[in-house]
Amino acid sequence: MQDLHQLLIERRSIRKYTDRPLNPDDVKTIIEAGLLSPTGKNARAWHFIAVEDPEMLERLSRCKSSGALPVGRCKLAVVVAVDVTESQTWIEDASIAAAYMMLQARELGIGSCWIEVNGRLDESGTPAEDVVSELLGMPEQIQPLCILTFGYPDEERQPQNVEKLRWENVHIGKFQ
Ligand SMILES: Cc1cc2nc3c(=O)[nH]c(=O)nc-3n(C[C@H](O)[C@H](O)[C@H](O)COP(=O)(O)O)c2cc1C
């Protein structure tokens, strides 16, 4: 198991993936990380829709006009959504679950990328949320926040440069 801080330094968005299939146990571990994430009032109202079918992945990659290409290339996409009738903090809940899953993937040597859905539009101006919901048959109250892509990395990314972290954005005692 990798040291958490080192994992945080080394995690980078991975947008190109090899053909190597994901191990079902690893997929389960990634989803379990999402289910382990904290939620406001412990609502746990997230829904994770795992998609592996290449044709559906290709369709999902067109849910917005740009920035979603990795969805069409990945081995697994997980749509992170929340029942907004059950959570007052749906964006936060979905975001934390997404971050947990991405970090778990990294720990397993699997690359990932966050693809924003909320508030984006497809080529024809249709909200990306509507495109994703329609494709996956999601009920209206289940709001997708993002699509996470997963696969073994087919690109080299450098770890974060800890010398360049924005320590100037950190304020001690009061804003200054
Ligand atoms: C809220 C959010 C939305 C993002 N949306 C996209 C996206 O739609 N497409 C994409 O390729 N990357 C997306 N990213 C990935 C960011 O571009 C990436 O995290 C950022 O450039 C920092 O790079 P790193 O993850 O390699 O450290 C998103 C990340 C976050 C946190």
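Taken together, the residues in the range 1-17 that are in a loop (DSSP other than H, G, I, E, B) and within 15 Å of the ligand (Cβ to nearest atom) amount to 5.
Can you confirm whether the range 79-98 contains a residue that is open to solvent by 40 Å² or more (accessible area, probe 1.4 Å), part of a helix (DSSP H, G or I) and more than 16 Å from the ligand (Cβ to nearest atom)? No, the conditions are met nowhere in the range 79-98.
Looking at the structure I just gave you, is SER65 farther than 14 Å from LEU136 by Cβ, part of a loop (DSSP other than H, G, I, E, B) and within 12 Å of the ligand (Cβ to nearest atom)? Against the criterion (farther than 14 Å from LEU136 by Cβ, part of a loop (DSSP other than H, G, I, E, B) and within 12 Å of the ligand (Cβ to nearest atom)), SER65 qualifies. Residues that are open to solvent by 70 Å² or more (accessible area, probe 1.4 Å), closer than 24 Å to GLU129 by Cβ and aliphatic (A, V, I, L, M) within the range 18-74 comprise LEU35, LEU69, listed in sequence order.
Any residue at all in the range 136-146 that is away from the ligand (no atom under 16 Å from the Cβ) and within 17 Å of GLU10 (Cβ to Cβ)? No, the range 136-146 contains no residue that is away from the ligand (no atom under 16 Å from the Cβ) and within 17 Å of GLU10 (Cβ to Cβ). Filter the range 117-176 down to the residues that are of a type in the set (Asp, Glu) and more than 29 Å from GLU107 (Cβ to Cβ) and list them by number. ASP122, GLU123, GLU129, ASP130, GLU134, GLU140, GLU168 - these are the residues of the range 117-176 that are of a type in the set (Asp, Glu) and more than 29 Å from GLU107 (Cβ to Cβ).
The values are calculated or read from the model by the stated rules, or taken from the named source; none is laboratory data. What you see is a predicted model; the values in this text were computed from it and never measured. Neighbour counts run over all protein chains shown; Cβ positions are idealised from the backbone, glycine included. Quick note on the areas: whole protein, heavy atoms, side chains included, nothing else; ligands and nucleic acids left out. Shrake-Rupley method; radii C 1.70, N 1.55, O 1.52, S 1.80 Å.
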